[in-house]
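The structure appears right after this line, and notes come after that.
Laboratory data are not the source of any read-out in this text; all were calculated from the coordinates shown. Keep in mind the model is a prediction, meaning the values are calculated, not measured. Neighbour counts are summed over all protein chains in view; Cβ atoms, including those assigned to glycine, are modelled from backbone coordinates with ideal geometry.
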Amino acid sequence: MSHEVLSTPVVDTATTPPDRAHSRARAARRRRIVVAAARVLLLVGVLGLWEVLSRAKVIDPFNFSMPSKIWDQIWTWVTHGTALGSLGEQIWYTLYEALLGWVVGVAAGVVFGIALGRITLLADVLGPYIKVLNSIPRIVLAPIFVIWFGLGPASKVASAVVLVFFPVFFNAFQGAREVDRNLVANARILGASDRRVTLQVVIPSATSWIFTSLHVSFGFALIGAIVGEYIGATKGIGLLVAQSQGTFNAAGVYAAMVILAVVALVAEGLLTFAERRIFRWKPANSDS
Amino acid sequence: MSADTSPAIELRGAGKTFRTPSGGLHTAVRGLDLTVRRGEFVAVVGPTGCGKSTTLTLVSGLEEPSEGEVLVVGEPVRGVGDKVGFVFQQDATFPWRTVLSNVMAGPRFRGVPKAEAKRKAQEWLARVGLSAFEDRYPHQLSGGQRKRVALAATFVNDPEILLMDEPFSALDVQTRALMSDELLELWEGTGASVVFVTHDLEESIALADKVVVMTAGPATVKHVFDIDLPRPRKVESVRLEARFIEIYREIWESLGEEVRITRERSAAHVA
């Protein structure tokens, strides 16, 4: 304590002039502007270079297309619809498959993860099988699902589910295993039954593990839906890609990619928003 | 007190042996004989790592004894009962619950209706001086405040037996003295029996009616000292009294030897 008193004349923080705080705020604002400007500049630079190189035929415009054509393609799809119907319908179709697959996969992953994390016998029995299933490259299942479930949405939902299940499962399992033993002991002393311990201690403390996997897994759900559509479908963005490719329309392939990226970003944003609401109890510095 | 005059806690030749990860057996405590009367404050001191905490887990029902008997209010312990409260060394507040919800947890787990649980929780929060912090989350509190939440969450269940495992060891010295005083105040109103494990002899004398010295591990009871300092006590002032120092010297003679043994053993391990 006493050495703090000694150092006070040197660093007098109590009487910091207000303009110092002011200038610090201004510097922070300036930095933000610089970062934003650099980002825009980078985007414009890359797109511009692509456009110029493609127009000058340095890179093959047939293969690589160019930003202006991609934009035209998106615009055409938006205003006149695609060959398969309106663009909104294609997006909705893909999104619907991905969302359904994601929800089912997450629910199954969480339930199995928590159950195996809590019940050691179950984990010991099923453990090796889950490892085997996990080691199968699950994308090869997509053609099988098309055979099983046909060209409709069911086959895409199925491939989304198998892609989503495993990361969520492993995170939930790990989360349930790594619950602070003190918290469990405390809950039991306070009078919690086994069921309450699972519901009110294990699941809440596993949620941060589960949420980490939700971010990744929504991407996986989209991949599952798209790959399924690419292999065989009647509607969807994946089919749009396949069709554009079939008609040598490079701009169409890129345009579909752009649309997918936007969809994924919006979903990611919604998820982050939900996470903020749920994790209000966490110290601010731990969610980066 | 009721006609039932059995002591609050009775350990009869209790022992606990753990299986170590490498497959060996580790005896934490053996041949424990200890009686805690109702309303008595017993402090347990011993060298670090001697098995003091294991004694508490046996009484709480979190662990079963490998040998001997553990009785709480005359009945053998079978799993976690509803008579026991436990304040842990580490933070054991639920980080996703607000302060109020943390204190309500015990009564809610035990099936008390929500409104009544809330009323009781608010009463205890007022008693530990945290009424203004009801809606905060544990990470927004200081270490001392979190310990207060833990105390309120334990006392709200009206435990007949209060087990405390070095509860204040993570706090700074001033906060510690303050919390000790608060604990005495809270406890004096309840009539609960307390077993308070610590490695701090001063703390144990200042708080307890009886100080139990444990031997170096595997731990067993070496000696029990009665502390005849008058109550109510103030932790900061009582340790300056002549009688306190006298008791301290007497107990240290017994405890110091065990500490020395532990130290020599660990030195031999290193060599």
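Worth a mention:
- Here's the picture: charge each Lys and Arg Cβ at +1 and each Asp and Glu Cβ at -1 in the stretch A:177-288, and of A:Ala255, A:Ile223, A:Leu199 the one pushed furthest to the positive end of that dipole is A:Leu199.
- Remark: chain B is approximated by an ellipsoid whose semi-axes, taken from the C-alpha gyration tensor as √(5λ), come to 30, 22, 20 Å, largest first.
- Compared with the alpha-carbon gap, the fully stretched path from A:Phe273 to A:Lys57 is longer by 73.4 nm at 0.36 nm per residue.
- GNM result for chain B, Cα springs below 10 Å: residue of B:Gly31, B:Gly51, B:Gly79 fluctuating most strongly: B:Gly79
- Legend: P(r) of the stretch B:52-121 from all alpha carbon pair distances, 5 Å bins from 0, whole percents, reading 3, 15, 20, 18, 16, 15, 9, 3, 1.
- Antiparallel bridges, percent of DSSP beta bridges restricted to the protein assembly as shown (to nearest 5): 50 percent
- Relative to the longest principal axis of the Cα atoms of chain B, the long axis of helix B:114-127 lies at roughly 60 degrees.
- Most mobile listed residue (A:Tyr93, A:Tyr129, A:Tyr254) in chain A, GNM with C-alpha springs under 10 Å: A:Tyr129
- Farthest positive-ward along the protein assembly as shown dipole, Cα basis, beta-carbon charges - from A:Gln90, A:Ala28, B:Pro47: A:Gln90
- The share of C-alpha pairs in the stretch A:68-283 whose separation exceeds 24 Å stands at 51 percent.
- Cα-centre dipole for the stretch B:1-111 with unit charges at Cβ (Lys and Arg positive, Asp and Glu negative), debye to 20: 260 debye
- Part-to-part distance (alpha-carbon centres) for the stretch B:140-163 and the stretch A:80-127, which is given in Å: 42 Å
- Kirkwood-based shape ratio for the stretch A:18-63, expressed as Rg/Rh from alpha carbons: 1.44
- Calculated over the protein assembly as shown: convex hull of Cα atoms, volume per residue (Å³): 265 Å³
- When both bridge partners sit in chain B, DSSP labels roughly 50% of those beta bridges antiparallel.
- As a proxy for reagent exposure, ranking B:Phe94, A:Phe166, A:Phe64 by other Cβ atoms within 10 Å from fewest up yields A:Phe64, A:Phe166, B:Phe94.
- Degrees between helix B:99-109 axis and first principal axis of chain B (Cα, 0 to 90, nearest 10): 80 degrees
- Comparing A:Leu116, A:Leu260, A:Leu199 in a Gaussian network model of chain A where C-alpha atoms under 10 Å apart are linked, the largest mean-square fluctuation is found at A:Leu199.
- Cα-based equivalent ellipsoid, the stretch B:188-271: semi-axes from gyration tensor eigenvalues, Å: 27, 15, 11
- Greater than 28 Å apart at Cα, pairs in B:Lys83/B:Lys147; B:Lys120/B:Lys147; B:Lys16/B:Lys114: B:Lys16/B:Lys114
- In the protein assembly as shown, taking the dipole from charged Cβ atoms about the Cα centre, the farthest positive-side position among A:Gln174, B:Val194, A:Val40 is held by A:Val40.
- Residues B:Glu182, B:Glu246, sorted so that the one with the fewest Cβ neighbours within 10 Å comes first: B:Glu246, B:Glu182
- Using C-alpha pairs under 8 Å with a sequence gap of at least 6, the mean separation divided by the residue count of the stretch A:68-283 gives a relative contact order of 28 percent.
- Within chain A, helices built from complete DSSP H runs that reach 15 Å or longer along their own axis (Cα positions) and carry a mean Kyte-Doolittle hydropathy of 1.0 or higher are A:87-118, A:153-177, A:203-231, A:250-278.
- Basic side chains Lys and Arg get +1 at the Cβ, acidic Asp and Glu get -1 at the Cβ, and with that the dipole of the protein assembly as shown about its Cα centre reaches some 2000 debye.
- The magnitude of the dipole of the stretch A:68-283, with charges of +1 and -1 set on the Cβ of Lys/Arg and Asp/Glu and taken from the Cα centre, is near 640 debye.
- Annotation for A:Thr247 and B:Ile245: the two label points, set 7 Å from Cα along the Cα-Cβ direction, are 9.9 nm apart.
- Separation of the stretch B:195-245 and the stretch A:43-77, taken as the distance between their Cα centroids, equals 82 angstrom.
- Neighbour counting of Cβ atoms within 10 Å sorts the residues A:Val161, B:Val45, fewest neighbours leading, into A:Val161, B:Val45.
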